[in-house]
C-alpha cells in the first residue's frame, strides 16, 4: 500500500483546517479602521493557530518522507492525529472570541497537548513498523523538542488560571522553537544530503 | 483512463466533509468550562461521524488499490457514494443540535444505510468490470462485515423511536467493528504481502 | 509545463464547491420528521447542482485526458470555467431558499449557460493548441450534446417567468442526457480502448 | 525532499481560499431580480479577488516549475505567502460589505502589498538556494511587473482616503497587467520551448 493517498488526504485536511479558521474572523460592519479593533483577538489567535498547523504540516511532511509502506496501524494513528488537529479551529475561535480568557486558553493547550501525543504515537507506530534499522528513529534522535513541548504545554495549562498571558507566551515560545531552524540539524542535513536528521521532525 | 484523479477527487471531498463538520460546533460565547457543556452533544456526534468518514476513506483507499482502469460506471458509482457521504454533516448537525433525539437518530441511520448500499454498488461495479479473475472479489471474500453492517443499521433505525440510545449504541458498535483490525485478515495480508484480503474492505 | 497541477487545482475547486453547497442546508431546530419539510427545496436544488458539478468534473477529467502541454491560454480558459462553476452554490442557495421561484430559476439557468460557454471556450483553446491532428477534436466529433445543452438552457431561461417548473424540468433533462451513457460512444470507446470519443465529453 | 507536497498543499489552500469567498455572498431572501442588487458590491469584490488568487496560483505554478529541491527556508517562505493570501477572503468581505468604502479599500491594498512582498521573498529564497546558475533568476529577468505592482499598491493605499474608486481602478489595472499575456515573453517562451522567461512569473 503506497503512501501517496495518506499524504494527499492529510494535506487536504490540514489545508482546509488552516483556511476555514479565517471564516471565524467575521468582517466588521463598520468601515472605519477602529471597527477592526474587535477583530484583533480573533486575528492574533488565528496567527498562532496558523503557525501551529503549518509546523504540523511541515513536520508531517518530513516524517512521512522516511515511510515506504503504510500499515493499517499507521493509517489510524494518522487519522487520530488529524482528529485532534481538526479541533484547533474550534478552540481558536473560542479563545479569540473571549479575548484570551483563562479557561479557553487552558483548553487550547489541552488540544495542543493531545495533538502532540497523537503525533508521538504516529511516530512510534512508524518506528515500530520500520523495525531495527528504522530511518525515522535515527532521524528523530534525542528528540529534545518533541519531549520539551508537551512538558511546556502542561505548564501552560496549569498556570493559565493564574495568568493566561503567561500561558499564551509559552504557546508562542513553543511555536518559535519549531519555526527557528536548528543549526546542528541543518548541518547534518547538508552532510547527508537527503532525508537527514530533520526528516523525523517531531510534534510541536 | 487512470484512477489518479478519481482518488484525488474522492480524497478531496472526504477531507472537506470531515473538516466542515467542525464548523457546526459553534464556539460558545461564555469563557467558563461550563459554557462548553451545550457543545457536548455536537462534539459527540462529530466524533462518531469523523470515525465513519475515516472508515470510508480507509476502505475506499483499499478498494481502489485493486483497480487499474476506471470506467464510466465506476465514476458514477463513486459519485453516488460521495453524494450520500456528503449528507453526513447535515444529519450530524441535526442529531447533535437535538441532543440525539429519536427522529434525527433514525435519519442518521438512514444516511449510513444509503452510504453502505452505495459502497456495495461501487464494489459490485468494480468486480463486474474486473471480470472472472477479479482481485477485489477474492479480497472481499465472505464479507461478513459488509453484510452485517446494513442489517444493524436497519435494526437501529427500527428501534430509534423506542430507544434512541440503543440505536446510537449500535452505530458505535458498527464503527468499532470496522476500526478494530481483523486478526485473520492481518495474517492473510502479511502472507500475501500486497493487496491482500483486506484490500477490498467493504462499507461500514 | 505539465498538466498535473491544473488537474489537481480544478479537482480541488470542484470538490470544495460540491461540498460547501451542503452548508446551505441548515439543520432544522425541531427534532420531528416534519421539521425536515422546509429543507426539501434546498435539498432538491442541492441534488440538481451536485449532479451538474459531478458531470462537469467527469467531462473535465475526460477532456484533459487528451492534453499533454498546458499553455497560458489553457490555464486562463480553465480558470474562467472555474469562476462560473464557483457561482453554482450561490444560485443553488438562492433557488432553494425561494422554493424554485421564477427569477432564481432563470438566473440558475444563466449560470449554467455561462459555464457551458466557458467549457466550450476551454475546449476550443485546447483544440487550437493541439493543431491539425487534435485528438480532442476527433473525440468531440459532432458534439450534439454540447450544442443542444446551451440551446435548452436558453429555452429554460426564456420560459422560467411563465413556468418555473418547466424550466426546472429542462435542467433535469439536460443533466440526465449527460449522466445516461451514450451506447454508441461506449462501443467506440471499447473498440479504440483508450482516449476514445467520449474523451472529449463536452459541457452539459 | 521533493516539491510534490509543497505544490499540493499550496494548491489546496489557494483552491479553498478562492472557493470560500463565495460563501460571503449570501443568497438574498427575496426572489426578485432587484433583490440581487445589494449583492452586487460583494460580487464585484469577489471577481477582483478571484482574479488575484488565480494570478497567484498561476505564477506560483510557474515559479515552482524551476524548483527541484525544497529547503526548509523555501517551505516557510511559501507558508508565509499562503498566510497573507489567506487574509484575502476577509478583506474581500469587508470591502464588499461596506460598498468599497475608503478604509476597507486601503486595507485591501495593504494585504495585496504584503502578499506581493511575501511572493518576492519566496522568489529570492529560491534564487539563493539555486545558486549562480539559477534558472529562476534568468526567468524572472528585469521583472518590471514584479517591481511596478507593489509601487502601484502603495499609490492606491495612499489615495484610497481621497478617492476609493481611483484606488480600486489601480487594483483592476494591476490585475489586468498580469492576466494580459506579455507578447515578448510568449515569443521567448516558444523559442526556448520549456521553462521560459515566463516561468518565473512574479507577484501581482
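We did not get these values from a lab; they are worked out from the coordinates using the rules stated. All figures in this text were calculated on a predicted structure; none of them were measured in a lab. A quick note on method: Cβ atoms are made from the backbone with ideal geometry, for glycine too, and the neighbour counts reach across all protein chains shown.
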> If you put a point 7 Å past Cα along the Cβ direction, how far is that point for residue D:155 from the same point in each other copy, in nm, smallest first?
Replying inline: 5.3, 5.3, 7.5
>> Explain nothing, just the number: relative contact order of the range B:59-147, from Cα pairs under 8 Å at least 6 residues apart, as a whole percent.
In response: 35 percent
> Which of these, D:54, D:133, D:31, has the largest mean-square fluctuation under a Gaussian network model of chain D (Cα springs below 10 Å)?
Replying inline: D:31
> Distance in nm between label sites at residue B:99 and residue D:99, each 7 Å beyond Cα in the beta-carbon direction?
Replying inline: 4.5 nm
> By count of other Cβ within 10 Å, fewest leading, how are B:75, B:23, B:85 ordered?
Replying inline: B:23, B:75, B:85
>> Which of the three applies to chain A, rounded, prolate or oblate, going by the alpha-carbon gyration tensor with a ≥ b ≥ c and a/c under 1.5 meaning rounded?
In response: prolate
>> Need one word for the range A:1-71: rounded, prolate or oblate. Basis is the Cα gyration tensor (sqrt eigenvalues a ≥ b ≥ c); a/c below 1.5 gives rounded, then a/b vs b/c decides.
In response: prolate
> Once the Cα atoms of helix A:144-159 and of chain A are each reduced to a long axis, what angle between those two axes, in degrees from 0 to 90 to the nearest 10, is obtained?
Replying inline: 30 degrees
>> Restricting to Cα pairs below 8 Å that are 6+ residues apart, what does the relative contact order work out to for chain D? Please round to a whole percent.
In response: 27 percent
> Is there a simple number for the mean count of other chain Cβ atoms within 10 Å of the Cβ of residues in B:73-79, and what is it?
Replying inline: 3
> Projected area of the range C:82-128, taken from the Cα convex hull and averaged over every viewing direction, in nm²?
Replying inline: 2.9 nm²
> GNM, chain B, Cα, under 10 Å: largest mean-square fluctuation among B:73, B:146, B:30?
Replying inline: B:30
> Which distances in nm, rounded to one decimal and ordered from shortest, link the label point of residue D:138 to the equivalent label points in the other identical copies, with labels set 7 Å from Cα toward Cβ?
Replying inline: 3.8, 3.8, 5.4
> In whole percent, what relative contact order does the range B:1-114 give with Cα contacts below 8 Å and a gap of six or more residues?
Replying inline: 38 percent
> What shape does the protein assembly as shown have by the C-alpha gyration tensor, where a ≥ b ≥ c are the square roots of the eigenvalues, rounded means a/c under 1.5, and otherwise prolate means a/b greater than b/c and oblate the rest?
Replying inline: rounded
> Any idea what angle helix C:72-86 forms with the longest principal axis of chain C, computed on alpha-carbon atoms, 0 to 90 degrees, nearest 10?
Replying inline: 20 degrees
>> With a 10 Å cut-off between alpha carbons and a GNM built on chain B, which of B:68, B:137, B:37 moves the most?
In response: B:37
> If you wrap the range B:1-122's Cα atoms in a convex hull and average its projection over all directions, what's the area in nm²?
Replying inline: 7.8 nm²
>> Within a 10 angstrom radius of the beta carbon, how do A:57, A:120 rank from fewest other beta carbons to most?
In response: A:120, A:57
>> Which of B:97, C:132 has the fewest other C-beta atoms within 10 Å, and how do the rest follow up to the most?
In response: C:132, B:97
>> With just the Cα atoms defining each centre, how far is the range D:119-174 from the range C:58-124? Give it in Å.
In response: 31 Å
>> Inside 10 Å of the C-beta atoms of D:40-51, what's the mean count of C-beta atoms belonging to other chains?
In response: 1
>> At 7 angstrom along the Cα-to-beta-carbon line, where would the label on residue B:43 sit relative to the other copies? Give the distances in nm, shortest first.
In response: 3.1, 3.1, 4.3
> Roughly what angle does helix B:164-179 make with the longest principal axis of chain B, taking Cα atoms, 0 to 90 degrees, to the nearest 10?
Replying inline: 40 degrees
>> With n ≥ 4 as the cut-off for DSSP H runs, can you work out [θ] at 222 nm for chain C, using -39500 (n - 2.57) per run divided by the number of residues, rounded to the nearest 500?
In response: -23500 deg cm²/dmol
> To the nearest whole number, what is the average tally of beta carbon atoms from other chains within 10 Å of the beta carbons of peptide B:61-70?
Replying inline: 2
